[in-house]
Amino acid sequence: MRAEISFGKSLIGILFVGLAAAGCTTTPKPATTPAKTKQAQAAKVTFNYTAKDRDCLKRAMYFESQHSDEDGYLAVGTVVMNRLTSGAYPPSICGVVAQEKQFAPGVMTREVKPQAEPELATAADAILLKGARHPAVKDAMFFHTDGLKFPYDNMHYVTVAGGNAFYEKRDSNGMLETPPPLPSYEVAMNYVPGESMLPPQFDALIPSAVPVPLPAPDPMATASTAPMRITAPVTPPEPSIAPEPGMPIAIPTPRPAYDSVMLRGEFPVNGG
């Protein structure tokens, strides 16, 4: 009896072990997750800009947004950048803004009120340094004063800001009629220093390959203007003849060094 019980226990143990082994072999193994590979970041398209380009951007934002606010400034600035990066317009900010019959008349020459400068500078730096864009403007490269109506069916309006209605030109299939602009994350703005906005103050101080002619010596000039070579201390003689009234007296004015001249005053910006 005990032998039969022991044999039964042994048989049950063998069957249990067999089933357990069969279960282990049929359990699917979890799939291994592939290691994440770091994708190479695409190079950005770089556009150069100067201090004059920054001023052109501010002028477009100021005169086209009816002197509104930062929201209106940013909307117009986005249109300027959309045109710049589309490839269908001039390759510089000033070229875009100064293009004939595109922006407000006198945009390059009229006076910008000093009160608007802080907000204009903030909006311009946000666009140029941080890549800011007005999100509602999207790919729009055109706008007009809000409230006006036109009979064209290709004007796809996207938003209103700063007193302007912004629109994209799309065909009957909904496709842009102009090359799309680059998104801001694909654009890098590179500042190019050394571009002066000041007009020359002294023509004679501009470096030139053509020698500047010097005036002929004045025969009526006094001896103090003539070059003298002194080899030993000389006591100047007492003047014996005083100059007559009305006699021209030449006063030597040395030409200052070019790199030491300080230009003073403010000058209006010329359009370009």
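For region 64-118, the percent of C-alpha pairs falling in each 5 Å distance bin, counted from 0 to the bin holding the largest distance, reads 4, 18, 25, 28, 17, 7, 1. Multiplying the residue separation of Tyr152 and Asn190 by 0.36 nm and subtracting their alpha-carbon distance yields 9.9 nm.
Within a Cβ distance under 14 Å of Glu119, other residues only, what is the Lys/Arg minus Asp/Glu net charge? Overall, the nearby charge balance is -2. Of the listed residues Ser172, Ser65, the order by accessible area with a 1.4 Å probe, largest first, is Ser172, Ser65. Across all directions, the shadow cast by the convex hull of region 138-187 built on its C-alpha atoms averages 4.1 square nanometres. Across all Cα pairs in region 40-96, the calculated P(r) in 10 Å bins from zero up to the longest distance comes to 24, 47, 23, 6, 0 percent per bin.
Measuring how big region 88-158 is from its alpha-carbon positions, Rg and Dmax come out at 14.7, 40 Å.
Cα centroid separation, region 124-180 to region 48-115: 15 Å. For region 59-182, pairs of C-alpha atoms spaced more than 22 angstrom apart make up 31 percent of the total. Name the residues of region 70-103 whose amide N is less than 19 Å from a point 7 angstrom out from the Cα of Leu129 along the C-beta direction? Label zone hits: 70-71, 73-75, 77-78, 81.
The values are calculated or read from the model by the stated rules, or taken from the named source; none is laboratory data. Here the structure is a predicted model, which means the values were calculated and not measured. We place every Cβ from the backbone using ideal geometry, glycine too, and count neighbours over all the protein chains shown. These accessible areas exclude ligands, DNA and RNA; they are computed on the full protein's heavy atoms, side chains included. Shrake-Rupley method; radii C 1.70, N 1.55, O 1.52, S 1.80 Å.
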